[in-house]
Amino acid sequence: MNRHEKAQECDRKDPLAQYKAAFFHPENEIYLDGNSLGKLPLKAKENIASLMQEQWGENLIRSWNEHWLDLPKHLATKLAQLLNVNAKEVLVGESTSVNLYKVAHALIQSGHYPKQFLTDSLNFPTDNYILDGISRECALTKPICVQYTTDLKADLNLLKEQIIEHPGVICLSLVSYKSAYYYPMKALNLHAKEHNSIIIWDLSHAVGAVAIDLKETHTLAAIGCTYKYLNGGPGSPAFIYLEDSLIPHLLSPIQGWFGHAKPFDFSQDYLPARGIEKFDAGTPTVLSLAAMEAGIDITLDAGIKSIRAKSIALSNFFLDTFYTELVPLGYVLESPENEAERGAHITLSHQASWRICQCLLQGKEKRPKIIPDFRPPHYIRLGIAPIYTTYEDMWHTLERLKEIAQNKEFEQCSNVRPTVT
């Protein structure tokens, strides 16, 4: 049995194969950018159409009481199942950046931790912007950024030493956006607690692709988006998790309408809600909330442990021949080899990485168009979304990468990059 036949056999035996039909798929295209924007669930189209015609179109303002006011809590309950926490510890709304601002600001001003932010060089840049901005706003020392010698993985000994030397509020990405390095969440949470610190985990490149148990890992605070592996749609609302015992000691820096204990009393005085709702702010984005439910439902139905198992299997299927067929052609693996240290995407590099991405996007003859993404300075990210990515997709991708390098097709492509890559 050759590699192509093996891929087809794996797809026939795949227990998650049925879920691919739940999404919209352009013809003759392989999508490996689910770590940036997930695919469109067909049910999301139905949900939006129904909401617009019946709830907005026909029912108008009455839909606030009948449908929309409870929608964020309804979705928080589903996300709570996925994260193994209580629904009252999850808030859905706003963007990841706004949510990080609210949580980080509240923690640094709570008096429970030293007033020092710490992050690292693998964290998503926007997260570090937020911490830097809060530090300037509150006249704090500039955030400590732990610098590693590589983008491949964190130096855990160095990170732990820096937590000991600079205790306070820490922000880390559970799965790093460049290499897909997967942090040992529980061990770091316990280390932080031992040294009078707390970690805010950014789950954006992890939730929906790796199994996350916030209770078992002793996680106290987390934020994340829903438009990547949860397939919530472009700009879909993000979420906050705060451990229940922490909530009474925190105040949101944004005293918004929906964070009021009784928002529809229209009081001139602000009284924060008692629960996690105090971190709410503006009016819920109803259309986006309605769109994101379908992706969460599919993930819950498939089971996150099954999704994670398939993610590892797909990655290993690709990597089984990567070293013999792609490394001799100049490709370098920029993700951890150890599957336990790797999230759901695989990152490669080549001296012609950006131009190779263009070749993949163009397709060739009987080969399908392949959509990866590119991250500076030279990273090709293959975003495996197990809920719809197939083994045959991975086979086609490896074969196409091989052809492009062997035939030097990239020499015909421009080095000019658009805004979104």
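Summary of computed values
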| quantity | calculated |
| --- | --- |
| Test set (1) in the same structural domain as P336 (by TED's automatic domain parsing); (2) farther than 23 Å from Y323 by Cβ; (3) outside any helix (DSSP H, G or I) - T419 fails condition number | (1) |
| Residue match in the stretch 62-70 (condition: exposed (fewer than 15 other Cβ atoms within 10 Å of the Cβ) and of a type in the set (A, V, I, L, M, F, W, C)) | no |
| Residue count, the stretch 397-409 (criterion: in contact with a Cys (Cβ under 6 Å, 6 or more places away or on another chain) and in contact (Cβ under 8 Å) with a residue 60 or more places away in the chain) | 0 |
| Leading residue by the ranking (farthest from E29 (Cα to Cα)) among those in the stretch 334-375 that are of a type in the set (S, T, N, Q) and touching a residue at least 40 places away in the same chain (Cβ under 8 Å) | S335 |
| Per-region count, the stretch 231-268, residues in contact (Cβ under 8 Å) with a residue 12 or more places away in the chain and within 30 Å of K193 (Cα to Cα) | 19 |
| Single residue of Y379, Y323, Y331 found to be of a type in the set (F, W, Y), without any contact (Cβ under 8 Å) to a residue 12 or more places away in the chain and either assigned by TED's automatic domain parsing to the domain that holds N231 or farther than 22 Å from N28 by Cα (or both) | Y323 |
| Residues being under 13 Å from D120 (Cβ atoms) and part of a strand (DSSP E or B) - total across the stretch 170-182 | 5 |
| From the options A180, A206, A222, residue that is touching a strand residue (DSSP E or B) at 6+ places or on another chain (Cβ under 7 Å), at positive phi and buried (at least 24 other Cβ atoms within 10 Å of the Cβ) | A180 |
| Filtered residue count, the stretch 17-40, keeping only those that are at positive phi and in a helix (DSSP H, G or I) | 0 |
| Residue check, I170 modelled with pLDDT of 95 or more, touching a helix residue (DSSP H, G or I) at 6+ places or on another chain (Cβ under 7 Å) and either over 20 Å from I223 (Cα atoms) or crowded, with 16+ Cβ neighbours inside 10 Å (or both) | yes |
| Residue selected from the stretch 333-374 under the condition under 12 Å from D33 (Cα atoms) and assigned to a strand (DSSP E or B), by the criterion farthest from the chain's Cα centre (by Cα) | I370 |
| Meets criteria (under 15 Å from G233 (Cα atoms) and either outside the structural domain of M394 (by TED's automatic domain parsing) or not polar (S, T, N, Q) (or both)) for K43 | yes |
| Within the stretch 259-280, considering residues that are touching an Asp or Glu at 6+ places or on another chain (Cβ under 8 Å) and crowded, with 18+ Cβ neighbours inside 10 Å, the one nearest to A104 (Cα to Cα) | I276 |
| Options I380, I387, I404, I370: the member that is among the β-branched types (V, I, T), over 30 Å from Q18 (Cα atoms), at pLDDT 90 or above and buried (at least 18 other Cβ atoms within 10 Å of the Cβ) | I404 |
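The values are calculated or read from the model by the stated rules, or taken from the named source; none is laboratory data. No experiment lies behind these values; they were computed from the predicted model shown. Using ideal geometry, Cβ is built from the backbone for each residue, glycine included, and neighbour counts are taken over all protein chains shown.
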